[in-house]
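*Asks:* Below are the structure tokens for one structure; questions will follow.
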Amino acid sequence: MTVLRISALLLFIGYQMVPADSVAAQENTGYKARILQYVEQDKVYLLENLRSRVTNKSEQAIIDALLTEDGPKAARLFYKQLQDYPDPGLDSLSKARLKAYQSTLALSGAKSNTPVQKISFILQFGSFSSLDNARELANRIAAYTPVTIFREKGLHKVRTQKTFGTRNSAEARAKELPFNSFIIRKN
């Protein structure tokens, strides 16, 4: 068996499983609880049956990652779920599978092009229901640091484009700017 097949197999069978008590604590929205249950029970055929009914992007990415036999592709899908479709109920599964994949690669001596998710921080300057108000603030701040307007839960949030590797570096940058801000941990 190749390293890729072994890593894909380990990703599926759950080198590091999500604890059963965390499954019970999840909200019953979408198919999240079922996905976690099927993974815990190692019921591949049920995930395959569920695949066609799932419409939530986060759940789709997770199921596609779980069902692929290609280790690097699975890792990319788990990483995509974390970055593009974060979901508190499924993030721990993706993180555990990525960690298992990285461990498998380390044991086999292989290398991965899939980045390991790292903690980073950004500065947020404001949150507006009006896009025009968000743009106005962004234009004022842009003279000091590059910013972006991020839409989340119906609000337009003005944030730095740059991410900071530590909370301390984010705090230091915030002190240099003539605008109030607060630090947000990404991932």
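The values are calculated or read from the model by the stated rules, or taken from the named source; none is laboratory data. Remember, it's a predicted structure, so these values are computed and weren't measured experimentally. Because the Cβ atoms are built from the backbone with ideal geometry, glycine has one as well, and the counts that use them run over all protein chains shown.
*Asks:* Say whether the condition of being closer than 30 Å to TYR101 by Cα, surrounded by 11 or more Cβ atoms within 10 Å (Cβ to Cβ) and out of contact with any helix residue (DSSP H, G or I) (no Cβ under 8 Å at 6 or more places or on another chain) is met by at least one residue in segment 125-147.
*Replies:* First pass over segment 125-147, keeping only residues closer than 30 Å to TYR101 by Cα: none.
There is no residue in segment 125-147 that is closer than 30 Å to TYR101 by Cα, surrounded by 11 or more Cβ atoms within 10 Å (Cβ to Cβ) and out of contact with any helix residue (DSSP H, G or I) (no Cβ under 8 Å at 6 or more places or on another chain).
*Asks:* Exactly one condition in (1) β-branched (Val, Ile, Thr); (2) more than 26 Å from ALA33 (Cα to Cα); (3) part of a loop (DSSP other than H, G, I, E, B) is false for ILE149; which is it?
*Replies:* With respect to (1) β-branched (Val, Ile, Thr); (2) more than 26 Å from ALA33 (Cα to Cα); (3) part of a loop (DSSP other than H, G, I, E, B), ILE149 is out only on (3).
*Asks:* Looking at PHE128, PHE121, PHE179, can you tell me which residue is of a type in the set (Phe, Trp, Tyr), under 21 Å from PRO86 (Cβ atoms) and at pLDDT 85 or above? First the steps, then the outcome.
*Replies:* Numbers: PHE128 fails: under 21 Å from PRO86 (Cβ atoms); PHE179 fails: under 21 Å from PRO86 (Cβ atoms).
Residue meeting the stated conditions: PHE121.
*Asks:* Please identify the pairs in which a residue from segment 68-83 that is closer than 17 Å to ARG51 by Cα has its Cβ atom under 6 Å from the Cβ atom of a residue that is charged (D, E, K, R) and in a helix (DSSP H, G or I), counting only partners at least 6 apart or on another chain.
*Replies:* Partner pairs satisfying both residue conditions: LEU77/ASP64; PHE78/ARG97.
*Asks:* Continuing with this model, one more query. What are the residues in segment 74-90 that are surrounded by 17 or more Cβ atoms within 10 Å (Cβ to Cβ) and farther than 15 Å from GLN60 by Cβ, if any?
*Replies:* Listed by number, the list holds a single entry, ALA75.
*Asks:* Right, next: Go through segment 42-71 and count every residue that is buried (at least 20 other Cβ atoms within 10 Å of the Cβ) and either touching a Pro at 6+ places or on another chain (Cβ under 7 Å) or part of a helix (DSSP H, G or I) (or both). So that I can check it myself, show each step before the final result.
*Replies:* Quick first cut of segment 42-71, residues buried (at least 20 other Cβ atoms within 10 Å of the Cβ) only: 47, 54, 58-59, 61-63, 65-66, 71.
Subsequent filtering for residues that are either touching a Pro at 6+ places or on another chain (Cβ under 7 Å) or part of a helix (DSSP H, G or I) (or both) retains 47, 58-59, 61-63, 65-66, 71.
Of the residues in that region, 9 qualify.
*Asks:* Now for a separate question. Scan segment 86-108 residue by residue and report those that are more than 13 Å from ILE35 (Cβ to Cβ) and outside any helix (DSSP H, G or I).
*Replies:* Keep residues of segment 86-108 that are more than 13 Å from ILE35 (Cβ to Cβ), which gives 86, 88, 95-96, 98-108.
The answer is PRO86, PRO88.
*Asks:* Looking only at segment 125-145, count how many residues are in a strand (DSSP E or B) and within 12 Å of LEU177 (Cβ to Cβ). Can you show your working first?
*Replies:* Pass one, segment 125-145, residues in a strand (DSSP E or B): 125-128.
Within this subset, residues satisfying the condition of being within 12 Å of LEU177 (Cβ to Cβ) are 125.
Qualifying residue count for the region: 1.
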